[in-house]
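The following block contains the structure, expressed as structure tokens.
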Amino acid sequence: MSLQDRLINTERASLFIAGLALIASLLGVFTLPVLDRDEARFAQASAQMLESGDFVEIRFQDEPRHKKPIGIYWLQSLSVAVTTGPEAREIWAYRLPSVLGAMLAALSAFWAGRRLYDHRTGVFAGALVSVTLLLASEGGIAKTDALLCAMTGLSFLAFVEVWLAKTDSHRRRWAVLMWVFVALGALIKGPVTPAMMGLAVVTLCALERRVTWLKVFFYWPGPVLAALILLPWLIGVQIATDGAFLFDALGGDMAPKLTSGHEGHGAPPGSHLLLLPILFLPAIVSLPTGLASLIKDWRDQTPDAQAARLLVAFIAPAWLLVELIPTKLPHYPLPIYPALAVIAGLGLARWGRVERRWRLLGLGLLGLGVLAASGLLIALAWRFTGVQWAAFWATGIMVFCGLAVTFALYMRRYDLALIGLVVIGLSWHGLGRGVVAPSADILFPSAPAAAEVADMRALVGDAELVSTYTEPSFVFLSRGAVQLRDADEIAADLAAGRLDFSTPRLYVFDLSRWSDNAAETLRPFVQRACAVRLVDGFNYSRGDDTVLLIAATGCDASADVTSGS
């Protein structure tokens, strides 16, 4: 029995796709250190939520974190509570909800592709998106984006089912589910899912020139369930923060992203499109042929023209939205990926029926994506002393599979082409995220710094930890028990004689953040410290080399202070 008969043409396909997404996302989950800055902030806030027992307010140390809603923190807290516990600070436990999100996103592409076209297209869509560089990478990071993609993908599926339903009961059931998925998306990341689905509904009404079908969304269980999902926490957090949460989240976090390149992340329109060959790799190969098929269906008014309109109604306004927003981060188009994957699945299923120029364009984009992804791994290993053999092995596998995919497509062996495309994605995740990135120790100075601090605890016990190195990853690895201070403030205290060197205390100084005068002032401090260690690294959040000086004062006289001093 062939792979096609075993997996593609049976109901086992859903398990196949979920398994692919699970494997692709897990590659790197257990080996990659905690990342700055968003992942560490989410993880630390979730850990504090468990430790404090306050599941309404969100805090990073003592500061309110009024940026994203509560959903991801609840899920991370639940994951950690049933696995390691917050005191362990094992980052993989915080990443598991994102793994689940990637699996649901891939399944939503499968179900939507099967509903819009056929089982084969759905399988191709789900399998391709499950190993894409962006979705599987976000599936291995403790952030909101993989789960947001899942909720938006499921909302799109419900949108499709509502439109294509043949009976009122079926239509009402999916309308209720759409309300639920949109509300869950809002609980994960605010207005993103509601905005995209609202634009899709409005666009479809414009394309079809009728609005009567919208009455199904007023079927009362849908709005009621959405309100029950959102309002209890929203009312509770507004009361707990004296109304500050929505004000800060909308005015302080979202509004700057809509009006300017917030926090230096500005880019011109079209930037996301330029990144698509690498971030949507390997599914990018069949996206042009899928678009060509979609256009032909629409133009010729084939039986699949309705599916084309549904895809365009969701993708076009959502993509325009993320391109026009001045603030741009690579993951912003991720919620659109399940629908894009349906087009890619269609393109692979109809590969032989599309004009040659579209096929050549797809193969060219595949080659471009493979070269860019390979170059990224080689540069990472070369510049940051990662495992170079893994980077070259990944490059070799991806190039070989790219050539094999080209031959398989020429021979019309689409099942073999799918295998080659999946291997391209898995090799990048397995060798890149799983080996090359974790081995580049210089990129993660927080881990050795936290280890040195733990080692120096033998000299000062549970003494206070003060740090001018303010990266959230260090806060997370220090279990939040660190006082973050400005370097020049400590320098001023030292110059004024306000520091007591007899008091047991640990200091972490980020030397790259000090002014020249402060660095000069620090030299007497080093001379009077009872133990000093150095950690070298590269701060990828700032893009510069980093030297961390870890010093202890007031050491226990009976302890051995010679090692590392």
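Going through segment 405-422 one residue at a time, which ones are of a type in the set (D, E, K, R) and either surrounded by 19 or more Cβ atoms within 10 Å (Cβ to Cβ) or assigned to a helix (DSSP H, G or I) (or both)?
D415
Out of the residues in segment 120-145 that are in contact with a Lys or Arg (Cβ under 7 Å, 6 or more places away or on another chain) and within 15 Å of H331 (Cα to Cα), which is surrounded by the most Cβ atoms within 10 Å (Cβ to Cβ)?
Within segment 120-145, the match that is surrounded by the most Cβ atoms within 10 Å (Cβ to Cβ) is A142.
Moving to a separate point now. Being within 24 Å of V123 (Cβ to Cβ), in contact with a Pro (Cβ under 6 Å, 6 or more places away or on another chain) and aliphatic (A, V, I, L, M) is true for just one of L421, L426, L416. Which residue is that?
L421
Taking the condition surrounded by fewer than 24 Cβ atoms within 10 Å (Cβ to Cβ), in the same structural domain as D304 (by TED's automatic domain parsing) and under 23 Å from K67 (Cα atoms), does L148 pass?
Here the answer is no, as L148 does not meet what is asked.
Residues checked against (1) within 12 Å of G222 (Cα to Cα); (2) modelled with pLDDT under 95:
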site	(1), (2)
A142	no, no
D145	no, no
L157	no, no
K166	no, yes
V176	yes, no
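In segment 293-319, how many are in a helix (DSSP H, G or I) and free of Cβ contacts under 8 Å to residues at least 60 places away in the same chain?
We begin by selecting, within segment 293-319, every residue in a helix (DSSP H, G or I); these are 293-300, 305-319.
Filter again for free of Cβ contacts under 8 Å to residues at least 60 places away in the same chain, leaving 294-300, 305, 308, 315, 319.
So the count comes out to 11.
Which is closer than 27 Å to S79 by Cβ, outside any helix (DSSP H, G or I), among the small types (G, A, S) and in contact with a helix residue (DSSP H, G or I) (Cβ under 8 Å, 6 or more places away or on another chain), of G153, G126, G140?
The unique qualifying residue is G140.
Okay, moving on. Please specify each residue of segment 320-332 satisfying the condition of being surrounded by fewer than 18 Cβ atoms within 10 Å (Cβ to Cβ) and assigned to a helix (DSSP H, G or I).
If the condition is that a residue be surrounded by fewer than 18 Cβ atoms within 10 Å (Cβ to Cβ) and assigned to a helix (DSSP H, G or I), then L320, L321, E323, L324 are the ones that fit.
Further question: Return the total of residues in segment 62-85 being touching a residue at least 40 places away in the same chain (Cβ under 8 Å), crowded, with 21+ Cβ neighbours inside 10 Å and outside any loop (DSSP other than H, G, I, E, B).
Residues that pass the stated criteria total 4.
Also, I was wondering about something else. Among the residues in segment 384-399, are any out of contact with any helix residue (DSSP H, G or I) (no Cβ under 8 Å at 6 or more places or on another chain), within 30 Å of C205 (Cβ to Cβ) and either surrounded by fewer than 21 Cβ atoms within 10 Å (Cβ to Cβ) or among the hydroxyl-bearing types (S, T, Y) (or both)?
No, there is no match, as no residue in segment 384-399 is out of contact with any helix residue (DSSP H, G or I) (no Cβ under 8 Å at 6 or more places or on another chain), within 30 Å of C205 (Cβ to Cβ) and either surrounded by fewer than 21 Cβ atoms within 10 Å (Cβ to Cβ) or among the hydroxyl-bearing types (S, T, Y) (or both).
Could you say which residue among G290, G252, G236 is modelled with pLDDT under 95, at negative phi and either outside any helix (DSSP H, G or I) or among the small types (G, A, S) (or both)? Let's see the steps before the verdict.
Numbers: G290 fails: modelled with pLDDT under 95; G236 fails: modelled with pLDDT under 95.
Answer to the check: G252.
The values are calculated or read from the model by the stated rules, or taken from the named source; none is laboratory data. Quick caveat, the model's predicted, so the values are computed rather than measured. Every residue, glycine as well, gets a Cβ built from its backbone with ideal geometry; the counts of neighbours run over all protein chains shown.
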